[in-house]
Amino acid sequence: MEDRKDLYNQVTQMEDKFAKFGAELTGLRKQIVLLLEENKRLSIENQQLRKILRKENGTAETPVAEAAAGHSPGTPAAGSASQDTAGAVGEGYDNLARLYHEGFHICNVYYGHLRTEGDCLFCLSFFHK
């Protein structure tokens, strides 16, 4: 009878340890998502700052810089389309589409958060407007 109580206590202790371990894993997963979001946000900000710096210095993008900025060497940069209002609107739409395809929400509910569950109906409704 005493052995059964000891066995039951051991199983209960193991269950408690597993629950703590699961909670710790969930916390780590949340930290990873936050770090990935911050990393992507900083990468985009860095890319935009480099564009501004190049414009201020009057230097042209090299093929390596264009590739890092997400442009192919033969296509114009997205900033060249901002000459007229229609180009600016199209550029904004393209930027939001790019963000969505990179894995971020563009909807007003979760804007800027990393999409972890696949497609978002709120974001997709934006594309259908």
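The values are calculated or read from the model by the stated rules, or taken from the named source; none is laboratory data. In this text the structure is predicted, and so the values were computed from the model without any measurement. Don't worry about glycine lacking a Cβ; one is built from the backbone with ideal geometry, like all the others, and counts go over all protein chains shown. All accessible areas refer to the heavy atoms of the entire protein, side chains included, with ligands and DNA or RNA removed. Shrake-Rupley method; radii C 1.70, N 1.55, O 1.52, S 1.80 Å.
What are the pairs with Cβ atoms under 9 angstrom where one residue, in the stretch 116-129, is under 21 Å from V33 (Cβ atoms) and without any contact (Cβ under 8 Å) to a residue 24 or more places away in the chain and the other, located anywhere, is in a helix (DSSP H, G or I) and not hydroxyl-bearing (S, T, Y)? Sequence gap at least six, or different chains. Sorted first by the residue in the stretch 116-129, then by its partner, the pairs are C123/L96. For first residues located in the stretch 36-57 and under 19 Å from G112 (Cα atoms) and among the polar types (S, T, N, Q), partners that are part of a helix (DSSP H, G or I) and open to solvent by 70 Å² or more (accessible area, probe 1.4 Å) and lie 6+ apart or on another chain with Cβ distances below 9 Å form the pairs Q47/A68.
Here's a check for you: in the stretch 76-109, which residue that is modelled with pLDDT of 85 or more and open to solvent by 90 Å² or more (accessible area, probe 1.4 Å) is nearest to S43 (Cα to Cα)? Per the criteria, the residue is H101.
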